[in-house]
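The values are calculated or read from the model by the stated rules, or taken from the named source; none is laboratory data. Here the structure is a predicted model, which means the values were calculated and not measured. Counting neighbours? That spans all protein chains shown, and the Cβs are built from the backbone with ideal geometry, glycine included. Heavy atoms of the whole protein, side chains included, go into the accessibility calculation; ligands, DNA and RNA do not. Shrake-Rupley method; radii C 1.70, N 1.55, O 1.52, S 1.80 Å.
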Amino acid sequence: MLRSPLLTVVVPAHNEEREIVHSISRMMATFSVIDYRIVVVDDGSTDQTSEVIGTAQFGDRVDLLAVSKNRGKGNAL
């Protein structure tokens, strides 16, 4: 039986290629003692946000959902 993580964090991101890896790395360090998952929602970024997340070495605790058109933080959440 698959077990759900204790904590799931949804991170809306729009044009955050410069900061997203640092932000996710800090979260991962903070949550290191619990079972967690981080879901990054790229909300129609026009920079390389999705590519940066896709090439980072986060392992299986970080998922990326990419939306083609920016619709705002509320929609991303």
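Rg over Rh for the chain works out to 0.97, both radii taken from alpha-carbon positions and Rh defined as the Kirkwood radius. Of the accessible area of the chain, computed with a 1.4 Å probe over protein heavy atoms only, carbon and sulfur atoms account for 51 percent. In the chain the longest region clear of trypsin sites (Lys or Arg not before Pro) that are loop-assigned by DSSP and have at most 16 other C-beta atoms within 10 Å covers 19-68. Estimated from helical segments only, the mean residue ellipticity of the chain at 222 nm is -7500 deg cm²/dmol, where each DSSP H run of four or more residues counts as -39500 (n - 2.57). Computing FRET efficiency as 1/(1 + (r/R0)^6) for Arg71 and Arg18, where r is the C-beta to C-beta distance and R0 is 25 Å, gives about 0.70.
Between Ala13, Ala29, Ala56, the GNM of the chain built on Cα springs shorter than 10 angstrom shows Ala29 fluctuating the most.
On a per residue basis, the chain carries 69 Å² of accessible surface, using protein heavy atoms and a 1.4 Å probe.
Identify the GluC sites (Glu not before Pro) of the range 1-52 meeting these criteria: DSSP loop state and at most 12 other C-beta atoms within 10 Å of the C-beta.
On the way: sites: Glu16, Glu17, Glu19, Glu51; in loops: Glu16, Glu17, Glu19.
Sites meeting the loop and neighbour criteria: Glu19.
Between Gln57 and Ile34, the modelled labels are 2.7 nm apart [label points 7 Å from Cα along Cα→Cβ].
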